[in-house]
Every structure is written in C-alpha cells, then in structure tokens.
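All remarks here apply to the structure that follows.
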Amino acid sequence: MRTSSARAVKSTGPALHWYLTEPSRSVVDLGQLATARSVLRTAPRGDGHPVLVLPGLLASDASTTSMRWFLNRLGYRTHGWNLGRNVGPTRDAVDGIRYRLRELSDRHGEPISLIGWSLGGIYARELARENPHQVRDVITLGSPYRLNLPSETRAHRVLRMLSHLHVPDSELPPPEHTRPPLRMPATSVYSEQDGIVPWRACVEPAGPLRQNVAVNGSHLGYGHNPAVLWLAADRLAQPAGQWRPFEPPAALARHYPGGTADRLN
C-alpha cells in the first residue's frame, strides 16, 4: 500500500472502541449467520460460473471457508487461492495469484468472478485491471484500496514488520485515485463499524458498473456476515452484461444501514 496525494478520499483511522471489540463482534456476526440460515436458503442462484476468493492479511483459505461453502451450495465452482497465509505482496503471492487466475480461467474456459477480503480485495482489483478478459466481476470486502496513509489502518505495524518479504515498491501499483475505474462490475462492501481499516478508504465514487454497499458488522466477520453472503450471491447471480444496482432483501434490510458512500464524488 503506498501513499496517495490529497486528491484521494480523505480517511482517518478506525475508532479505538471498534478495534478493541473486533473479536467479540466477529463472534456476533457468526451467531447472526445461524439465525439467518433460513433466509440465506432463498438467496438467488446464478449460472454456476467459477469464483476465486482471496483472503485478507495474515489469513489463509481457512478464513474464507464459510463463504466458499455457501457459494458452492448455490452451485458456483468456488476456489481458494491455494497460497497459504497472506503475509502481503511477496513474490510468491504476486506471481501466484496471477498464475491462479490464468489456471482457473483456462480450466473453466470462461471469466472468473473475484471476491477479495481486505488486502485480498486490493489484489483482486489489480488482477482485474491486468486481466480484464479473464475477470467477470469484482467484489471487495473491507478493502482499503483508496487509502491515503498506511498508518491509517490498524494493520500498518504488521505490514511494516513483514515489508522485508515484499516485492519492491517499484512493482506495486500506482495510487488508486490516479487510475480509471474497473472495466467490469465492481462492488465495494464496507462497514462504518470496521475496526481495522477506515471505511472511507474502502469505497469509490459511484458510477456505471460500480456500487458501494454498507453492511453492519466487524472487519473480521465479513466472511461469515449474512448480509455479505447474500450480497455476494445477488451480485454473482446477475447474467453477464446485465448489471443492476444491489437492492437489499426485506428480510435482511436491517443488516444494510445505507450511508453516504454512494454519494461521494
């Protein structure tokens, strides 16, 4: 993650109380998953195309098990990244995700949908830019791709400690605000209660084929938050080339607080 200029979205670090309560609130998100099970059984089903799910910092494919299981139940051919623990943009990670996308695209013979959690979402957006013909759509979960300063996240000390493992800065992408929008549908999921990253860094100006959707919940709970699971199913169920804005189902409406992100310019 590199520093952006003043033209980037202004963001401040998450409030301390949200950070300190992240673990307990993640457990609450898991409990809500159990109570929302009957609603999730009615989630929209799509064409079963392949989906690649990328984990966040310090996480592995184990963290995305609930989401991949849910999407598999809906008929999608869902895959983990198969690169172990995500310790940042190492050479193995940077080259490995590119190979993984090519391998899955060749195997299935069609574009892949990408879901990235936190740092995994930053990877997903870069993969989509590099390989627009291999990516069908992108969903990011609490991904601070419009970050001003690394110090604005609660993960910056970990990233700094691991920086000796990472590729040189010259190989990292330029700041997000200097680049054109993705060419395929992109949905940015964020929570104003996120205790790890500033939510304003997780959204982009609204426009064609892109939308920011707020959910209630913790950063550590995105992968099993019922509102996130429903949204992922809804976005993936859209026929290719027929994008429409997301509208929450009535049964889960309280999990989507709305917000101002879609009005950012």
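The figures follow:
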item	result
Global size of the stretch 9-52 as Cα Rg and Dmax, reported in angstrom	16.6, 42
Helical segments meeting 30 Å axial Cα length and Kyte-Doolittle 0.0 threshold in the chain (DSSP H)	none
Over the stretch 157-223, volume per residue of the alpha carbon convex hull, in Å³	132
Over 18 Å [Cα-Cα, the stretch 59-211], rounded percent	59
Cα-based Rg / Dmax (Å) for the stretch 1-142	16.5, 47
Net charge contributed by nearby residues that have their C-beta within less than 14 Å of W230 (K/R +1, D/E -1)	+3
Ranked packing of 219-225, 102-108, 65-71, most packed first, by mean Cβ within 10 Å	219-225, 65-71, 102-108
Charge context of G48, other residues only, Cβ under 11 angstrom, K/R +1, D/E -1	0
Distance from the stretch 196-265 to the stretch 73-123 (C-alpha centre basis), Å	21
Rounded accessible area per residue of the chain, 1.4 Å, Å²	45
Additional length obtainable on full extension of the chain from V167 to V39, 0.36 nm per residue less Cα span	41.7 nm
Accessible heavy-atom area order of R210, R45, highest first, probe of 1.4 Å	R45, R210
Kirkwood-based shape ratio for the chain, expressed as Rg/Rh from alpha carbons	0.93
Highest-MSF residue in the chain out of W117, W243, W230 [GNM, Cα springs under 10 Å]	W243
Amide H within-cut-off set for V135, under 5 Å, with H built and near neighbours excluded	I112
Full-stretch length increase - A206, S151 - with 0.36 nm per residue and alpha-carbon distance subtracted	17.2 nm
Structure-based [θ]222 nm, the chain - -39500 (n - 2.57) summed over DSSP H runs of at least 4, per residue, nearest 500	-9000 deg cm²/dmol
Extent along principal axes [Cα atoms of the stretch 212-260; Å; largest to smallest]	32, 21, 21
Proximal charge balance of I112 [Cβ under 11 Å; K/R count +1, D/E count -1]	+1
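The values are calculated or read from the model by the stated rules, or taken from the named source; none is laboratory data. If you're wondering where the values come from, they're calculated on a predicted model, not measured in any experiment. Using ideal geometry, Cβ is built from the backbone for each residue, glycine included, and neighbour counts are taken over all protein chains shown. Remember, those area values only see protein heavy atoms, side chains included, never the ligands or the DNA or RNA. Shrake-Rupley method; radii C 1.70, N 1.55, O 1.52, S 1.80 Å.
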